[in-house]
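See structure below.
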Amino acid sequence: MKVIGVITLFFIVNTIIIYFANGTSSVFTFLFFIPITYAAWGFGARGGLIVGLISGLIIGPFMPLDVSQQLLQPMFNWVLRVVFFSVYGYGMGSFIFQLERRAEYDSLMGIPNRKFFYNFLTKELQKQKKYNTKSFYIILVNIDDFKNINDSIGHIAADLLLIDIKSRIKRRLSKQDLLARWSGDEFSIIIYRPNIEQLTVVCESIVRTLREPFDINDQQFFINASIGVSSSCDAHESNEILVKEAETAMRYVKERGKNGYKFYTEEMNRNSLQEKLLEANLHKALETGQLELYYQPKIECKENKIYGVEALVRWRKPEEGLIAPGVFIPVAEKTGLIIPIGNWVLKTACQQVQKWKSVGVTDLCISVNVSAIQIQSDDFVRTVSAIIKEAKIEPQLIELEITESSIMENSIENIMKLNELKDIGVRISLDDFGKGYSSLNYLKMLPIDTLKVDKSFIQNIEYDPREKVITEAIIQMSKALGLTVLAEGIENETQFHLLKELNCDAMQGFYFSRPLPIEEIDLKLFPRECY
């Protein structure tokens, strides 16, 4: 309405000026460019065309006669001016539309971008609050591990894949729903459904359709998606809150295995707040020395003696005592705190090796767990090398324990980093082999010294002949590759003797010892206790 009022005012003023100017100068005709441009900005190409047409009709009778008599017939000149103003108005409207479209639409997908989505969402929330219109839902769709896909197939093929993903999602929506590109590997949706049941059907159909194979450049690709949903029915005050709730639900799915959907609940927000508090306390723990290392012995089978230990981080909170690693390690990995914590663990372990050397224990190898985030950091190799050098110990006394999942992302780059450390003498151990998906192909690619058989094979080895056969096959294969084999999770004497019969090199588990603080592990090392 404001735009219409301004245009009308311009018309009135301009017409009066030209009337009283009595057509003595064509300069006044250019005053009509102002309302035409304003109309094109406010109403687009159609608005600019209409106002341009009206401007030409109004200004025609007041054209300078001296100029028109010399050049063209007055009526034709009038028509020419009407056409000129109309074309200008339409062209200006189209130009402004294209500028706005570039600012609010994704050039690759041809769908709205985050800016358009936010503006549209704000209007919908205002409309709902003012007119009590029907509620709607926000859906955030994140393509799981898209960075890996992008790195493996290249940007051009990845763009084609994203376009195909957009098309599949769009086919599951109605015409009134809005699909936008939220970020590189995320899509956002405003969806109108009368109840949760119908919305659930849409979410399930999106998950199913994205699980189906994609054909890109004669190759098949499989993807999964994590989906978070929030509702406007709670009369939110801002679009930020509604989007944040959808993001919280989406992260909840990612943290619990990905490949699915969840509706936002208040419990998720409470969990998020608890994680924030835990993160702050973890920062404090790192700064104030609340972290400590426990050590679990590793037993050499032939001589039944301790040949090494695994260093395991523990958090002793003054008010609560020991905090389980399963509580704070996931938060540390999510927030990036795992890097300074991992560096502290390695530094403390190296210092302990030096202390043991000073009292005559010169051949005890200490292993340290390394996360995927640590390996992927740019200065990983430099940091490990510097810590070992600073402690003045032999690199052969340090063993880094990695999991297959920790190197799968950017695997070539990560393997190169491990090779660099291997070249200076650091030992590498592959942890949890056989847990979940394990690829034999990685065994020939990884520069590992030790393979740790996951405890899932050991738990029922005395009862299940199949697990015994699988474990024996892993041991024989590892020995053929020149690897040391260590069995994890030994809990009783039967398992111990059975694995000795299978020629397992080393073992670790509660049957020998639980993880111990430094004071207690020293008692086992001086003299080194046998089993």
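Rounded to the nearest 0.05, what FRET efficiency do residue 320 and residue 159 give with R0 = 30 Å and r taken as the Cβ-Cβ distance? Could you check?
0.05
Tell me which residues come under 5 Å, amide H to amide H, from residue 310 once H is placed; ignore anything under 5 positions away on its chain.
HN-HN under 5 Å from residue 310: 296, 298, 367.
Going from the alpha-carbon gyration tensor of the stretch 276-388, what semi-axes, largest first and in whole Å, does one get by taking the root of 5 times each eigenvalue?
Whole-Å semi-axes of the equivalent ellipsoid: 26, 17, 13.
Tell me, what ³J(HN,Hα) does each residue in the stretch 451-462 have, in order and in whole Hz, if you take phi through Karplus 6.51 cos²θ - 1.76 cosθ + 1.60 with θ = phi - 60° and put x for Gly and Pro?
The phi angles translate into 10, 9, 6, 4, 5, 4, 7, 8, 3, 10, 5, 7 Hz.
When only C-alpha pairs under 8 Å and at least 6 residues apart count, what is the relative contact order of the stretch 250-335, in percent?
This gives 21 percent for the stretch 250-335.
Please pull out the direction-averaged projected area of the stretch 114-264, using the convex hull of its alpha-carbon atoms, in nm² to one decimal place.
Here the figure is 8.7 nm², rounded to one decimal.
How large is log10 I(q)/I(0) at q = 0.14, 0.17, 0.18 Å⁻¹ when the Debye formula is applied to the Cα atoms of the stretch 443-531, each weighted equally and without solvent?
Log-scaled intensity ratios, in q order: -0.55, -0.76, -0.83.
In this model, which of 347/452; 302/422; 284/392; 417/479; 134/334; 127/175 are farther than 31 Å apart at the alpha-carbon?
In this structure, 134/334 exceed 31 Å between Cα atoms.
Relative to 2.2 N^0.38 Å, what does the C-alpha radius of gyration of the stretch 192-294 come to as a ratio? Two decimals please.
In units of the globular-protein estimate, the stretch 192-294 measures up at 1.46.
If I take R0 = 41 Å and measure r between the Cβ atoms of residue 197 and residue 287 in this structure, what FRET efficiency does the formula 1/(1 + (r/R0)^6) give, to the nearest 0.05?
0.25
Which pairs, out of 444/500; 147/254; 305/355; 115/244; 357/524; 244/276, put more than 22 Å between their alpha-carbon atoms?
Over 22 Å apart, Cα to Cα: 444/500.
Among the chymotrypsin sites (Phe, Trp or Tyr not before Pro) in the stretch 150-226, which ones are in a DSSP loop with at most 11 other Cβ atoms within 10 Å of the Cβ? Mind listing them?
Hits after loop and neighbour filter: 222.
Apply the Karplus curve 6.51 cos²θ - 1.76 cosθ + 1.60, θ = phi - 60°, to the phi angles in the stretch 421-431 and return the couplings in whole Hz, x for Gly and Pro.
5, 4, 5, 8, x, 5, 8, 10, 10, 9, 8
I'd like the projected area of the stretch 353-394, averaged over all directions, using the convex hull of its alpha carbons. Report it in nm² with one decimal.
Seen from a random direction, the Cα hull of the stretch 353-394 projects 3.2 nm² on average.
Read phi for every residue in the stretch 508-521 and hand back ³J(HN,Hα) as whole Hz from Karplus 6.51 cos²θ - 1.76 cosθ + 1.60, θ = phi - 60°, with x for Gly and Pro.
7, x, 5, 4, 8, 5, 6, x, 10, x, 4, 4, 7, 5
For q = 0.14, 0.15, 0.21, 0.25 Å⁻¹, what log10 I(q)/I(0) does the stretch 244-300 give under the Debye formula with an equal point scatterer on each alpha carbon and no solvent?
Those come out to -0.60, -0.64, -0.81, -0.94, one per q.
Each label point is 7 Å from the Cα along the Cα-to-Cβ direction; what then is the distance between the points at residue 492 and residue 255, in nm?
Label-label distance for residue 492 and residue 255, simple model: 3.7 nm.
Along each of the three principal axes of the Cα atoms of the stretch 321-463, give the extent in whole Å, ordering the values from largest to smallest.
Dimensions of the stretch 321-463 along the principal axes of its Cα atoms: 44, 37, 34 Å.
Can you work out D for the stretch 295-341 in µm² s⁻¹ from Stokes-Einstein, where Rh is the Kirkwood radius over C-alpha pairs, the temperature is 20 °C and the viscosity is 1.002 mPa s?
Estimated via Stokes-Einstein, D reaches 166 µm²/s.
Please state the equivalent ellipsoid semi-axes for the stretch 109-149: what are the square roots of 5 times the Cα gyration tensor eigenvalues, largest first, in whole Å?
One finds semi-axes of 29, 13, 7 Å for the stretch 109-149.
Would you work out the charge dipole size for the stretch 114-264 about its Cα centre, treating the Cβ of every Lys and Arg as +1 and the Cβ of every Asp and Glu as -1, and quote it to the nearest 20 debye?
Magnitude of the dipole: close to 620 debye.
Modelling each spin label as a point 7 Å along the Cα-to-Cβ direction, I'd like the residue 392/residue 267 distance in nm, to one decimal.
Inter-label distance under the simple model: 5.6 nm.
At 0.36 nm per residue, and after removing the present C-alpha to C-alpha distance, how many nm does the segment from residue 523 to residue 500 gain when stretched out fully?
Roughly 5.7 nm would be gained on extension.
Per the Kirkwood treatment, what hydrodynamic radius in Å, one decimal, follows for the stretch 278-525 from the mean inverse distance over all distinct Cα pairs?
18.8 Å
If the reach is capped at under 17 angstrom between alpha carbons, list the aspartates and glutamates near residue 317, excluding any in the same chain fewer than eight residues apart.
275, 279, 287, 292
Values quoted throughout were computed directly from the atomic coordinates according to the rules given, and no laboratory measurement underlies them. Predicted model, so just to flag it, every value in this text is computed and none were measured. Cβ atoms come from the backbone with ideal geometry, glycine included; neighbour counts cover every protein chain shown.
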